[in-house]
Amino acid sequence: MIASFQYPKSTVSEGFLAYSFSWEFTQVDNPSLTYPGAYRRVTVELKIHHLAVNALLKSSQIDEIEGGITLDHDNDSGFDEASSCAPAFRVLKQLIQRCIADAVASGNIFADAVLQHLYRWICSPASKLHDPAIHRVLHKVMKKIFALLLSELRKLGATIVFANFFKIIIDTGKLDLSAARAYCDCLLKAVQARDLFEWIELEPLQFWHSLLFMDQYNYGGILDKAEVQSSSDDTINEPQVDIISSWNIAEYLPKETQDHFILVVSEFLYIPWKYLLEQTALRTTGRDGTSCTQSITVAAAENLESCITEYLKDQVGIGHYFKSYSNLLGCFHCSNCFLLLWQISKYFTEKLLRIVNDILQHFKRNRTDTINAATNESSRPSGPNVHTSDPALEFIKHVCAVLALDQDVQHDILRMRKNLLKLVRVKEFAPEAQFHDPCPSFTLPNVICSYCNDCRDLDLCRDSALLEHEWRCAVPQCGQPYPREQMENGLLQIVRQREKLYHLQDLVCVRCRGIKADHLAEQCGCGGSFRCKEDSSEFQSRMQLFLKVAAGQKFQFLHDCVSWILEVR
Ligand SMILES: [Zn+2]
Ligand SMILES: [Zn+2]
């Protein structure tokens with residue numbers, strides 16, 4: 001199918017060569033949306049099933065919505081791959097339509113199996129159903145459906161926290177778990193009712209009471225542990241929870257400070273949540289017992305509220321946050337709240353100041369040892385836990401970056417950060433005080449479990465399970481080992497493709513940034529000289545990444561190949 005493409009020879013557009021060669025492989029990039037922040041209300045993680053089947057069946061509708069751009073059948077330029085594979089795409093669609101009819105009408109298990117495995121077969125180069133062009137067209141339609149699904153969810157009042165082809169995390173905006181569950185059911189029913197999403201199934205995986213989300217590999221949260229919804233005990237008992245800390249960036253902190261980091265971040269999640277829980281309980285009991293006195297104290301409460309607002313402005317810490325929450329609950333009239341607010345507002349600042357002091361003391365004591373060991377240190381391979389800069393500074397940067405995710409208290413956190421940085425004698429806006437994610441990232445898209453068909457994008461550098469050499473399906477009930485050889489092969493293909501792209505890259509003019517069109521010209525028309533579009537150091541750092549993955553996972557062939565590429569330069 002690829003051989004039948006006609007390249008227009010007269011035009012040389014930017015990256016033309018690179019584009020034509022990238023056709024040889026089906027490496028597609030799955031979209032991934034991340035909205036970092038602190039979500040203090042119930043969030044739910046939804047797993048998406050059957051996106052590919054739905055996309056295939058609804059492709060003509062998408063085509064209509066888009067005005068025929070996706071599957072343009074009458075494109076006469078011959079350059080459009082969608083038009084060249086349109087007949088095959090139609091046949092595939094008919095097959096799936098018939099399978100759906102069979103599976104629904106007569107419960108045919110073979111038809112069902114075809115539907116279950118469709119996307120894996122289309123993705124896998126070893127499969128007979130695999131065709132790069134069809135895969136790309138289907139992927140394009142999937143992207144459109146996915147975007148429409150997200151906008152539908154937003155229209156229904158959900159806030160997207162994170163979304164990719166395999167899962168969506170949404171903020172329900174509810175404080176109460178049962179309300180969130182009801183909202184979630186309602187939301188899913190509404191989505192299912194839309195004809196465009198007829199075959200998509202959204203399965204609620206888990207509920208979070210509170211979630212601090214940086215990205216897919218850096219988050220912490222209070223996870224609801226109740227497996228089944230117990231209707232009777234739900235209101236009386238305290239909800240069963242787990243505090244989850246999944247911070248990949250913490251791996252890059254010095255060992256001694258990692259526990260402090262996890263503790264502070266967990267408390268940052270837990271204390272406000274606990275407070276909220278207590279206040280909710282207080283409010284409900286208050287309504288039962290002392291409902292008559294409440295009306296009297298309203299005026300007094302308003303007075304007190306303004307006083308406290310003034311007072312809290314002078315405080316450093318997260319007082320502001322509690323103020324907004326207390327307003328929400330309307331419970332400023334009890335002195336207990338006031339005391340608690342005052343205690344907590346200073347809590348994190350004091351705690352962090354103490355920890356940073358401890359770290360400074362600790363490392364000052366060990367400095368002499370470190371200097372003695374420095375000669376051995378330099379010869380060690382660079383792993384996650386090898387730190388080069390000041391441990392106290394690293395700790396401050398990491399903790400503040402995470403705490404500042406909460407928009408409500410960002411100002412307080414930044415002020416606290418300034419004070420903490422004073423301790424290590426670093427200026428607030430100095431380049432070394434800026435936080436960068438220390439971990440490089442490489443994503444292998446569409447890794448599909450051959451047993452349970454769970455599909456995911458694997459980040460080979462940041463996925464904690466992979467780093468522990470467990471190349472297994474992450475679905476708790478499955479755990480099927482991934483085919484290592486296939487994955488190594490996939491990585492090898494990517495390495496070779498990148499190398500090829502590097503060698504075939506365009507030359508750009510230094511002066512006017514135009515692409516070199518002639519073969520033999522030494523200079524651009526404007527008089528500027530040419531340089532490579534992709535810098536060699538950039539390419540090399542990419543290859544180093546693959547070398548690290550290969551060494552970590554003991555992929556011998558990949559290791560040889562990449563080290564050979566690096567040697568040549
Ligand atoms: Zn599996
Ligand atoms: Zn030029």
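Which pairs break 22 Å Cα to Cα here: K58/K140; K47/K548; K397/K418?
Details: K58/K140 12 Å; K47/K548 31 Å; K397/K418 11 Å.
Check vs 22 Å cut-off fails for K47/K548.
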Using heavy-atom solvent-accessible surface (probe 1.4 Å) with all chains present, what is the largest-first order of T443, T257? T443, T257
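Rounded to the nearest 0.05, what FRET efficiency do L33 and L504 give with R0 = 30 Å and r taken as the Cβ-Cβ distance? Could you check? Spell out each step's value before the answer.
Working: r = 32 Å, r/R0 = 1.06.
The computed FRET efficiency comes out at 0.40.
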May I ask you to list the chymotrypsin sites (Phe, Trp or Tyr not before Pro) in segment 458-551 that are in a DSSP loop and have at most 10 other Cβ atoms within 10 Å of their Cβ? none
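Loop-only check: which trypsin sites (Lys or Arg not before Pro) in segment 122-208 are DSSP coil with at most 12 other Cβ within 10 angstrom?
Of the trypsin sites (Lys or Arg not before Pro), the ones in loops of segment 122-208 whose Cβ has at most 12 other Cβ atoms within 10 Å are K128, R194.
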Less than 16 Å from a label point 7 Å out along the Cα-to-Cβ axis of Q493: which backbone N atoms in segment 128-150 qualify, by residue? 128-139
Could you please put F429, F557, F89 in sequence from largest to smallest accessible area, using a 1.4 Å probe? F429, F557, F89
Segment 409-510: GluC sites (Glu not before Pro) falling in loop per DSSP and having at most 14 other Cβ within 10 Å: E428, E468, E470
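Among rounded, prolate and oblate, which fits segment 112-216 when a ≥ b ≥ c are the square roots of the eigenvalues of its C-alpha gyration tensor, a/c under 1.5 means rounded, and a/b larger than b/c means prolate? Walk me through the numbers on the way to the answer.
On the way: a/c = 2.29, a/b = 1.99, b/c = 1.15.
Prolate is the answer for segment 112-216, as a/c is 1.5 or above and a/b outweighs b/c.
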Under the rule of at least 5 residues apart or a separate chain, name every residue whose amide H is placed under 5 Å from the amide H of K174. V42
Solvent exposure of segment 443-568 as accessible area per residue, Å², 1.4 Å probe: 57
Zone residues, segment 158-183, relative to S441, backbone N less than 20 Å from point 7 Å out along Cα-to-Cβ: 160-171
Quantify, in whole percent, the carbon and sulfur part of the accessible surface of segment 406-549 (1.4 Å probe; protein heavy atoms only). 49
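The values are calculated or read from the model by the stated rules, or taken from the named source; none is laboratory data. The structure displayed is predicted, hence computed values, not measured ones. Methodologically, a virtual Cβ is constructed for each residue, glycine included, from the backbone with ideal geometry; neighbour enumeration extends over all protein chains shown. Side chains are part of the model used for accessible areas, which takes the heavy atoms of the whole protein and leaves out ligands, DNA and RNA. Shrake-Rupley method; radii C 1.70, N 1.55, O 1.52, S 1.80 Å.
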